[in-house]
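Asker: Just dropping this structure here.
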Amino acid sequence: MTDNKDKKPPAKRPPRRTTGKVTDALNPERNHRKKTDKPRATKVAQPAQRHGVYAKFFPDEVIEDAVKANLSDELVAMRCGFRNGVLTLGRIAKDLELPDDDLDIEQRMSLYKLYNSTTRAMDNVLGRIVQLEKTIVEIPYIVESTNHKRVQSEKDKALTDKARIEYELLRKGKNTGVQVLWNLGFMNKGGEGDGD
């Protein structure tokens, strides 16, 4: 049997950063870029793109119209899409009512699939319509709430600054303290306490 005392403790893990790396990192005169023999690729000047990455997908007129649009325009576009979906569902339902002689099984199955995908798309569009209407209704309240919070914050800051100035006056001994207490609302008009 071997004693536990005979065993050596496990070797410590080497440090993650060697002394040389730490000293190099602390050296303000070190060169931060790795030196390489490869020449740097020169950048080729590219012509300025209008409208960023979407310019390759859409003509400029379409993008400019989209930039001018607002939430009301988006809501109208969604409602037009929903209306087209309703009309499409009506046409599909009418085609599904055709007798079995006019439609074979594959055509009927593709119409059912089309009906289901159109219904799902209309559900998505309806959800977007509801969200846009909710956003349009909430915008004035958000603006009003933000203005109220800003005004309240400015009022609180002014009261804090006033209290800080009065405290400094009291601390420096340039006032008896009665006026400061009065301004902070701790005393009534008679110069006495709050009814004590």
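The values are calculated or read from the model by the stated rules, or taken from the named source; none is laboratory data. In this text the structure is predicted, and so the values were computed from the model without any measurement. Here the Cβ is made from the backbone with ideal geometry for all residues, glycine too, and neighbour counts use every protein chain on show. Surface accessibility is based on the protein's heavy atoms, side chains included, excluding ligands, DNA and RNA. Shrake-Rupley method; radii C 1.70, N 1.55, O 1.52, S 1.80 Å.
Asker: Could you tell me how many of the residues in the stretch 137-153 are open to solvent by less than 100 Å² (accessible area, probe 1.4 Å) and either over 18 Å from L75 (Cβ atoms) or not in a helix (DSSP H, G or I) (or both)?
Answerer: The qualifying residues number 7.
Asker: Right, another one. Quick one: which of D156, D161, D95, D101 is of a type in the set (D, E, K, R), part of a loop (DSSP other than H, G, I, E, B) and more than 28 Å from A66 (Cα to Cα)?
Answerer: Answer to the selection: D101.
Asker: Right, another one. Where the second residue is in a helix (DSSP H, G or I) and the first is open to solvent by 70 Å² or more (accessible area, probe 1.4 Å) and lies in the stretch 60-86, which pairs have Cβ atoms under 8 Å and are six or more apart or on separate chains?
Answerer: E74/L132; R79/I129; V86/M122
Asker: Out of curiosity, is R108 part of a helix (DSSP H, G or I) and either acidic (D, E) or open to solvent by 80 Å² or more (accessible area, probe 1.4 Å) (or both)?
Answerer: no
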